[in-house]
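Some notes on the structure that comes next.
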Amino acid sequence: MTIREIEDATGLPRANVRYYESLGLIHPARAANGYRDYRQEDLDTLLKIKLLRQLDCSLEDIQALEQGTRSLEQVLSEVDTALEKKASETQHALELCRQLRADRPSWDNLQPERYLFWNPAISAELPPVRDASDTLGNRCPWRRYFARTLDYALCLTLWELFLSLVLRVNILSTSFWLNVVNVAMALGLMCVLEAACLHFFGTTPGKALFGLKLTRSDGSYFGFLDALWRTGRVVVFGLGLMIPLVSLITLILAFQRCSHQVSQPWALDDEGWSDPSGGWTPFFEQKGSVLRVVGYVGCYAAIIVLTMLASLVAATPWHHGSLTAKEFTSNYNHLLTYASAPDSPGEKLGSDGKWYQTDPNVFVFHTGVEPPSFHLTEKDGQLTQVSFSIVSAQEAFLYEFPSTYAVRTVHALLGQRELLPGKELSALDQELLETVAGERTWNIDGWDITCQMDFSGYEVYEQYLFPIDGETQNLTYVFSIQASQTQA
């Protein structure tokens, strides 16, 4: 048969016949004159292809059938499923079209979100016509609140990381003025960073996590100054400058305004909120809502981990290597600050080896032995020996044991933190803290350590000393660390 006869027999255009031939589905012979000669087998194959294509069967599946790698039952089963889905979509589109015609909206007052997310199989009624004041922003106060708290927490964390990693400030301190500075800087950072995020992305990390976007009503992003003005008013009228009681009042007022669909005092005239559902589907009915909640919790877990790691870095003293007496006492007081956290130490060690109160108006009470005076020996401006001695006849249980000062002295001299030190230093700490009578010596990083302890009238329990009734208590503790002869 010629190509024209094939066209008449199958109703397929010549281009389709040639294409099926190029795919290897038919194999016409060549006549003596060079023209294609189609056989009955080719005609039957073309009719099969036409039938299956009417069922939306893919050419890849037809090739697999022709090659015998798939069965007709397998292919038809998949086609049946696809046709059912298409029929459902067609039926939904038909119902949507009829509903639109029944509502008779104009182009100007058409509210597409009412129809885009309407599923007649779930609800026979469309969402109600949206009032001008019924915005997504008013319908999701809790999402906005949690997004806001996360944004603030991230800004506070950035500031605390700066304090810890750059300035080595103890962020675990409960100092009133440090807390005031932290809050003020976090709010200032939030104003600038949130304005930048809204200007460039139309959202913030917290809002993005909950699927919220804040743009102009036409979808364009705010200018930086407009976003800065908005966030600044949020800080004042929404967060109450994070002043405890004021903040609670402003949050309650903001929630009430949302409930009564009243515009917030920081809202811009043309701002518009949006989310993946168009604003009509409740948060927990949206796809991925559970993952968003998990992500929110995960962010706070990451913040805690980062803060703790930063605190470990910040706990490391400033000065390392060969130290002066002033640098040693600076290291010692730095370690003491972290050991006293969350409170501030009542005393600090001076470069003359004596103790001074950090606040003369505060009474410092010691539950154990009194802090010893340190003897600091320098040679050519470098510290070569640190020593102290403690003599006590205290008749009560010793809470603050002399070995604590010894451990801190070693760490300050080596420029190492007390929390989670290296393996060698950790082993030395354990030995120093042991309550053992007599003289003991060690050497670490070019420093010779000597510890002499003698006591009577006490009973040893682990590293503590308990007074024995009826006996006289005496304790002598002498500690020295000096540069080895090779180092000196």
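Taking the criterion of being open to solvent by less than 60 Å² (accessible area, probe 1.4 Å) and either outside any helix (DSSP H, G or I) or within 30 Å of ASP445 (Cβ to Cβ) (or both), the residues of region 277-306 that qualify are SER277, GLY278, GLY279, TRP280, THR281, GLN286, GLY288. Per the conditions (1) exposed (fewer than 14 other Cβ atoms within 10 Å of the Cβ); (2) within 32 Å of the chain's Cα centre (by Cα), the sole criterion not satisfied by THR316 is (1).
If you go through region 306-336 and pick out every residue that is within 30 Å of ASP380 (Cβ to Cβ) and of a type in the set (Val, Ile, Thr), you end up with 3. Inspect region 426-433 for any residue being modelled with pLDDT of 85 or more, part of a loop (DSSP other than H, G, I, E, B) and either in contact with an Asp or Glu (Cβ under 6 Å, 6 or more places away or on another chain) or open to solvent by 20 Å² or more (accessible area, probe 1.4 Å) (or both) and give the result as yes or no. No: zero hits.
When region 445-480 is limited to residues that are among the small types (Gly, Ala, Ser) and more than 17 Å from TYR405 (Cα to Cα), the one that is surrounded by the most Cβ atoms within 10 Å (Cβ to Cβ) turns out to be GLY457. Any chance region 314-325 includes a residue that's closer than 22 Å to ARG148 by Cβ and assigned to a helix (DSSP H, G or I)? Looking through region 314-325, none of the residues is closer than 22 Å to ARG148 by Cβ and assigned to a helix (DSSP H, G or I). Against the criterion of being of a type in the set (Lys, Arg) and open to solvent by less than 20 Å² (accessible area, probe 1.4 Å), ARG216 does not qualify. Restricting attention to region 32-73, the residues that are acidic (Asp, Glu), more than 19 Å from ARG18 (Cα to Cα) and either modelled with pLDDT of 90 or more or open to solvent by less than 50 Å² (accessible area, probe 1.4 Å) (or both) total 1.
When we screen GLN40, GLN63, GLN67, GLN54 for residues that are in contact with a Leu (Cβ under 8 Å, 6 or more places away or on another chain) and not aliphatic (A, V, I, L, M), the only hit is GLN63. Comparison of LEU193, LEU178, LEU163 shows that the only residue that is surrounded by fewer than 18 Cβ atoms within 10 Å (Cβ to Cβ), within 30 Å of THR337 (Cβ to Cβ) and modelled with pLDDT of 85 or more is LEU193. In the set (1) open to solvent by 90 Å² or more (accessible area, probe 1.4 Å); (2) without any contact (Cβ under 8 Å) to a residue 40 or more places away in the chain, the condition left unmet by LEU116 is number (2).
Restricted to helices (runs of 4 or more DSSP H) entirely inside region 133-229, those with at least 2 residues that are closer than 25 Å to ARG417 by Cβ are 141-165, 176-200.
The values are calculated or read from the model by the stated rules, or taken from the named source; none is laboratory data. Keep in mind the model is a prediction, meaning the values are calculated, not measured. Every residue, glycine as well, gets a Cβ built from its backbone with ideal geometry; the counts of neighbours run over all protein chains shown. In case anyone asks, the SASA skips ligands and DNA or RNA and just uses the protein heavy atoms, side chains included. Shrake-Rupley method; radii C 1.70, N 1.55, O 1.52, S 1.80 Å.
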